[in-house]
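Can you read through this structure? Questions will come right after.
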Amino acid sequence: MDMQLKNKIACITGGSVGIGLAIAKELAREGTHLAICARDEERLQEVAHEIRNEFRVKVLGVKADVSKMKDIQKFATEIEKYFGGVDILVNNAGTGSAEKIMTATDEKWYSYWDLHVMAAIRTARLLVPFMKKRGGGAIVNIASVCAKQPLDYEPIYNTTKAALVMLTKCLANELVHDNIHVNAICPGLIITPDWKKTATILGKDLGITPDEYLDRIAKDLAPISRFATPEELAKFIVFICSPLAAYCIGSSYYFDGGFIKSI
Ligand code: NDP
């Protein structure tokens, strides 16, 4: 199927590993040029080089911490200089947390608010004007199943991802007549390097292998009893980014193997 993404330009935050990298590669496979950012510049530039060689698309890699306004501004400026604009924005950079509400500091709350919510607001504010000039575009915010069904160890993650889902709905309504479709994706268990690291540490504590730990988590949390790969998820996200999904406005799509227990 032609996804109508050839020669489009996509900006992906946190595009150097895990889900962001898989989205970058799936878009590149469609002939989309990329602007990706992350904090670890060496890994980012290696990945940019790899994607250029494999898919023959243009890839701009910019070191940026999207929880900081000045870095987002720098990223947007570089995108404008290199590509002159952008058609697709994927707000992917994010991470889990571990705390109790009674003891977490204001600073911790603000840092996750900046990373999961303000980054999506700021990137939209800076990049949507380019989309408007180009006649439209797409924004995909990577939230989580935890936006709907919280995990008890990460209230800050749950709360900020839920806010991102509401932001998605509001922004979608604001931009619908600019031919920009905005949606959120709520993944469940996706096997990324971060999960493998966690499984190694927590599995050791329990006296089991990383694979046994991951198997236990999958059986406990997802009726399908397995993790998804980032590549499986990325194919779904590429469709939501594409003009084929233009009628999808302000929705949250679960990709979770049955994780969510309610309708
Ligand atoms: P990873 O930790 O594997 O990758 C995160 C990516 O984001 C990396 O490229 C990282 O690079 C970058 N990143 C992290 N923080 C920042 C920052 N402040 N500024 C810029 N880049 C940053 O994460 P996943 O692939 O697992 O997760 C991606 C998204 O999907 C997140 O929003 C996460 O909450 C969500 N998600 C993941 C699930 C899962 O099971 N994996 C389930 C549900 C949602 P660097 O460290 O160099 O900055």
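The values are calculated or read from the model by the stated rules, or taken from the named source; none is laboratory data. This one's a predicted model, so the numbers in the text were calculated from it and none came from an experiment. Neighbour counts run over all protein chains shown; Cβ positions are idealised from the backbone, glycine included. These accessible areas exclude ligands, DNA and RNA; they are computed on the full protein's heavy atoms, side chains included. Shrake-Rupley method; radii C 1.70, N 1.55, O 1.52, S 1.80 Å.
Restricted to region 1-41, and to residues that are assigned by TED's automatic domain parsing to the domain that holds residue 114 and among the acidic types (Asp, Glu), which residue is surrounded by the most Cβ atoms within 10 Å (Cβ to Cβ)?
Per the criteria, the residue is 26.
Only residues that are surrounded by 20 or more Cβ atoms within 10 Å (Cβ to Cβ) and under 17 Å from the mean Cα position of the chain (by Cα): list them for region 119-130, please.
Those that are surrounded by 20 or more Cβ atoms within 10 Å (Cβ to Cβ) and under 17 Å from the mean Cα position of the chain (by Cα): 119, 120, 122, 123, 124, 127.
If the requirement is being more than 13 Å from the ligand (Cβ to nearest atom) and open to solvent by less than 30 Å² (accessible area, probe 1.4 Å), which of these qualifies: 107, 99? So that I can check it myself, show each step before the final result.
Values: 107 fails: open to solvent by less than 30 Å² (accessible area, probe 1.4 Å).
Criteria check complete, one pass: 99.
Would you pick out the residues in region 17-43 that are part of a loop (DSSP other than H, G, I, E, B) and either in contact with a Ser or Thr (Cβ under 6 Å, 6 or more places away or on another chain) or near the ligand (Cβ under 6 Å from one of its atoms) (or both)?
Quick first cut of region 17-43, residues part of a loop (DSSP other than H, G, I, E, B) only: 17, 30-32, 39-40.
If the condition is that a residue be part of a loop (DSSP other than H, G, I, E, B) and either in contact with a Ser or Thr (Cβ under 6 Å, 6 or more places away or on another chain) or near the ligand (Cβ under 6 Å from one of its atoms) (or both), then 17, 39, 40 are the ones that fit.
Tell me, which residue of region 219-250 that is among the polar types (S, T, N, Q) and surrounded by fewer than 17 Cβ atoms within 10 Å (Cβ to Cβ) is nearest to residue 28 (Cα to Cα)? Walk me through it before giving the result.
We begin by selecting, within region 219-250, every residue among the polar types (S, T, N, Q); these are 225, 229, 242.
Next cut, surrounded by fewer than 17 Cβ atoms within 10 Å (Cβ to Cβ) only: 225, 229.
Values: 225: 30, 229: 18 Å.
Only one residue tops the list, namely 229.
Which residues, taken from region 131-151, are more than 15 Å from residue 90 (Cβ to Cβ) and either open to solvent by less than 50 Å² (accessible area, probe 1.4 Å) or within 16 Å of the ligand (Cβ to nearest atom) (or both)?
Quick first cut of region 131-151, residues more than 15 Å from residue 90 (Cβ to Cβ) only: 132-136, 145-151.
135, 136, 145, 146, 147, 148, 149, 150, 151 - these are the residues of region 131-151 that are more than 15 Å from residue 90 (Cβ to Cβ) and either open to solvent by less than 50 Å² (accessible area, probe 1.4 Å) or within 16 Å of the ligand (Cβ to nearest atom) (or both).
Considering only strands (runs of 3 or more DSSP E) fully contained in region 47-159, which possess at least 2 residues that are at pLDDT 95 or above, closer than 21 Å to residue 184 by Cα and in contact with a strand residue (DSSP E or B) (Cβ under 7 Å, 6 or more places away or on another chain)?
Fully inside region 47-159 and qualifying: 88-91, 137-142.
In addition: Filter region 182-196 down to the residues that are more than 9 Å from the ligand (Cβ to nearest atom) and open to solvent by 10 Å² or more (accessible area, probe 1.4 Å) and list them by number. It would help to see each step written out before you state the result.
Start the filter on region 182-196 by keeping residues that are more than 9 Å from the ligand (Cβ to nearest atom), which leaves 182-184, 196.
Correct list: 196 only.
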